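The values are calculated or read from the model by the stated rules, or taken from the named source; none is laboratory data. All values reported here derive from a predicted model rather than from experimental measurement. Please note: Cβ atoms are built from the backbone with ideal geometry, for glycine as well, and neighbour counts cover all protein chains shown. The accessibility values were calculated without ligands, DNA or RNA, using every heavy atom of the protein model including side chains. Shrake-Rupley method; radii C 1.70, N 1.55, O 1.52, S 1.80 Å.
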Amino acid sequence: MYNHIKGDSDVINFELYPPDLLLYYDYSLVLQASCRSYFEQLGDADFSLFSQTLSYKRAALIQNAIVCLGITNTSLTKDNILVLGNMCCFLDAEYIQTSDPFILEELKTCEDSTNDQRTAVENLLMTGATPYGIVSQWISGTLEKLGMLPLHFTSDFYAHINKREMRNFVRYFKKVLKRNGVGREKRRKWIKEIRKARRRKSKRSVDARCEVGEITSVTVSDESFPFDYSDISQFEYCLMPTFVKEHLNSITDKVDEDDYLKIVLNKLNEAYSNSSSIPENEVQQFGPMSRVATVEDIRAWTITELDTLELLMVSSDGPWNLTVAEAVVLKYLSVEGNKLGSLELNIIQGEILCSLGTDVLMNISYQSLREMDPPDVSSCSLEKKKLLFHIIRQESTNTRSAAAVSADEYQLTQPYLGGADSEFVQSLVQSNINMDMPTFTSLDQEVVLNLSVSNVKDLLGTNVAELKSYENNSLVQNWTSRQLQSELNRLGVGLMGGRADTTASSSSPNTAVTVTPGAATNATGVPSNPTNATGVTLNPTNATGVTSNPTNATGVPSNPTNATGVPSNPTNATGVPSNPTNATGVTSNPTNATGVPSNPTNATGVPSNPTNATGVPSNPTNATGVTSNPTNATGVTSNPTNATGVTSKPTNATGVTSNPTNATNPSNSSTAVPGSSSGGSTGGSNNVTTTTTAATTIKGHASRIRSDAGFSFLVMLTLLYFM
């Protein structure tokens, strides 16, 4: 029915549906005009059905109800309270204390309350402005009219009530609590508060003797027992070991507090002090007293029968200390012929089953797991979950393909899927099993994190929409954070928290010029750190792209420069700063204070653009003295520069351009391919611009080569003339 209406926006007759069903209805589909009708029906729902994971839904519903009813403060009217119904059990204390006293009528049915809520209820009652009058004048009948509220009262509140009236109320309320199936733990807390209130008004015994009266069968038969023994020392002094041995069942049926039960157990141990063990018929009557036993106590118990094990494991008697519970099970298994069959497994289940060692669990048979009721193994360690899953799959893996899981087999393995491996879960992906979210969140985290979005969609099937409800679950959050948000969007459930998509950065079309991968460029596209074949930085540049420290083929700075890129200390081939001289000792390239060559000379000391051995100018300079086209040993221009001295195309030792860049393509992250483009297609105009730029660059190179050759010819003629 829920699957039928959960997405139906036409639902307007909410009274046709069970209130509990409406807890999961999408409130965004409720029309504003119909919201009151929706909450009137929802007010009778059991809001405790929400798990801890889904508790945020309950809070959201309460907030939506407040908005729907136009409530603007914490003072609720009687009409507001009637509509909210069971939602009142989850209101903040401020609402309870400032609302119409009618709110107490709704709080009567609440199963539990917070400390703040208890205080608010007591404060409201203590005002005397409720239909129940002044608290100090209450009688037993007044307390009886308050429903389950007295279960939550504190000792401070009970201290205002007459002792005789309290005794009468205890007789009545104990029967009510048992009839309503209220757990022993809650009953224990309630009676403890009453005894604390009584101890405040009674004097504690200073003598080690019974003053209240010895406990007899008549005493125990009173429904209020042990109300009159609020002083625990009197309970101990007045309870005889022989009486405990003879009336154990009657005593444990009335006593709830652990401290009192411990006294009863000690008295029983004293009664059997001359025996090696306590008979099995006595152990079967232990009930809640078994929960205060120690492992040492267990050694004296006789536990051979399945009935004894079952009586000791009754959940209503309270939770076990798991170490002691394990000792009880091992005591039973120590008897020859006893084993963990399906009946035993149904008795111990849950936490106690998980408390057993792997050496015990590995003796469980496939047949026993198959025949037992579905267990809750959520508290088991991953190692134990895997062991149980292995057992339940032992026979199945021998008869079925791992790639095909039938509905029956899935139902059989479902309680143990927390120990399933990736291979089996992948087989479920293609088996159309529509896994529910509680089962999904019980899976091994490592297995879940390896599932793709598509895998999870197929695994959950019709339940995929519930992912949104579990988005605060730690497992779901971890899985979500590893997925691309674009993939999560395809689920169509509004699940957020995925990774941002990584898209390839766009770039302009590449030209035929090859850019060496790894050569960094600045914002203008000028290589900032060109490297040689071994990755050694050859010509690092400053922020403007001006070569700041040109280097030789080995990466040693050959012409370190100042902040403006002007050579400050020219160096020789080894990178040692110098003012090189010719054979006669004449400085061939002296520099001024700014590092600009002032009078470069040739071999005879005549100012020139010095050339290499072949007569080719090796370092021609422009008008400002900045080296415009430095060359390598063969005379090939190694680092041609533009008019401002900015290195436009740094070259390696052979004169081959190592890190050329153009004005439109500053990227250096990939090798350019002639006629290709990176980052997708681009407009034709970009291709034209790039081609034109490349052509212009080639023409510029050709012009410089012709200019250099002509200049060299003139220099040679001049030298011949002087010779």
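Quick rundown of the values:
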| quantity | calculated |
| --- | --- |
| Breaking point among (1) without any contact (Cβ under 8 Å) to a residue 60 or more places away in the chain; (2) outside any helix (DSSP H, G or I), for Ile391 | (2) |
| Segments classed as helices (runs of 4 or more DSSP H), wholly inside the stretch 402-444, with at least 1 members that are under 22 Å from Glu371 (Cβ atoms) and open to solvent by 20 Å² or more (accessible area, probe 1.4 Å) | 407-413 |
| Options Asp100, Asp112: the member that is over 24 Å from Asn73 (Cβ atoms), in contact with a helix residue (DSSP H, G or I) (Cβ under 9 Å, 6 or more places away or on another chain) and among the charged types (D, E, K, R) | Asp112 |
| Listing of helices (runs of 4 or more DSSP H) fully contained in the stretch 180-293 that carry 3 or more residues being open to solvent by 60 Å² or more (accessible area, probe 1.4 Å) and acidic (Asp, Glu) | 258-271 |
| Given (1) surrounded by 15 or more Cβ atoms within 10 Å (Cβ to Cβ); (2) within 21 Å of Val170 (Cβ to Cβ); (3) of a type in the set (A, V, I, L, M); (4) out of contact with any Ser or Thr (no Cβ under 9 Å at 6 or more places or on another chain), index of the condition Ile103 fails | (2) |
| Any hit, the stretch 56-74, residues being modelled with pLDDT under 95, of a type in the set (Gly, Ala, Ser) and farther than 18 Å from Ile194 by Cβ | yes |
| Positions within the stretch 445-472 being assigned to a loop (DSSP other than H, G, I, E, B), open to solvent by 50 Å² or more (accessible area, probe 1.4 Å) and closer than 25 Å to Glu383 by Cβ, in sequence order | Asn450 |
| The stretch 106-140, subset closer than 23 Å to Phe47 by Cβ and free of Cβ contacts under 8 Å to residues at least 24 places away in the same chain, residue farthest from the chain's Cα centre (by Cα) | Asn115 |
| Criterion: modelled with pLDDT under 95 and either in contact with a Gly (Cβ under 9 Å, 6 or more places away or on another chain) or open to solvent by 80 Å² or more (accessible area, probe 1.4 Å) (or both) - qualifying residue of Glu326, Glu351, Glu310 | Glu351 |
| Residue identified as open to solvent by 20 Å² or more (accessible area, probe 1.4 Å) and under 18 Å from Leu82 (Cβ atoms) among Gln41, Gln32 | Gln41 |
| Hey, Ser342 touching a residue at least 60 places away in the same chain (Cβ under 8 Å) and surrounded by fewer than 18 Cβ atoms within 10 Å (Cβ to Cβ) or not | no |
| Qualifying position, being polar (S, T, N, Q), out of contact with any strand residue (DSSP E or B) (no Cβ under 8 Å at 6 or more places or on another chain) and open to solvent by 20 Å² or more (accessible area, probe 1.4 Å), among Ser368, Ser315 | Ser315 |
| Scope the stretch 451-495; condition over 19 Å from Ser28 (Cβ atoms) and under 16 Å from the mean Cα position of the chain (by Cα); matching residues | Asn473, Ser474, Leu475, Val476, Gln477, Asn478, Trp479, Thr480, Ser481, Arg482, Gln483 |
| Out of Ser136, Ser155, sole residue that is within 29 Å of Phe225 (Cα to Cα) and either open to solvent by 20 Å² or more (accessible area, probe 1.4 Å) or of a type in the set (D, E, K, R) (or both) | Ser136 |
| Unique residue being of a type in the set (A, V, I, L, M) and closer than 17 Å to Glu122 by Cα when the list is Ala208, Ala197 | Ala197 |
| Matching residues, the stretch 161-178, being under 48 Å from the mean Cα position of the chain (by Cα), at pLDDT 90 or above and not aromatic (Phe, Trp, Tyr) | Val170, Lys174, Lys175, Val176, Leu177 |
| Helices (runs of 4 or more DSSP H) wholly inside the stretch 33-94 that include at least 2 residues being in contact (Cβ under 8 Å) with a residue 12 or more places away in the chain and within 20 Å of Tyr470 (Cα to Cα) | 55-68 |
| Residues (modelled with pLDDT of 95 or more and closer than 23 Å to Ile191 by Cα) located in the stretch 260-285 | Tyr260, Leu261, Lys262, Ile263, Val264, Leu265, Asn266, Lys267 |
| First in the stretch 162-173 and closer than 14 Å to Arg198 by Cβ, second anywhere and of a type outside the set (A, V, I, L, M, F, W, C) and surrounded by fewer than 17 Cβ atoms within 10 Å (Cβ to Cβ), Cβ under 8 Å, 6 or more apart | Lys163/Lys201; Phe169/Glu144; Val170/Glu223 |
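Matching residues to (1) modelled with pLDDT of 95 or more; (2) of a type in the set (Ser, Thr, Tyr); (3) open to solvent by less than 10 Å² (accessible area, probe 1.4 Å):
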| residue | (1), (2), (3) |
| --- | --- |
| Thr109 | no, yes, no |
| Ala120 | yes, no, yes |
| Asn123 | yes, no, no |
| Tyr132 | yes, yes, no |
| Gly141 | yes, no, no |
| Glu144 | yes, no, no |
| Leu151 | yes, no, no |
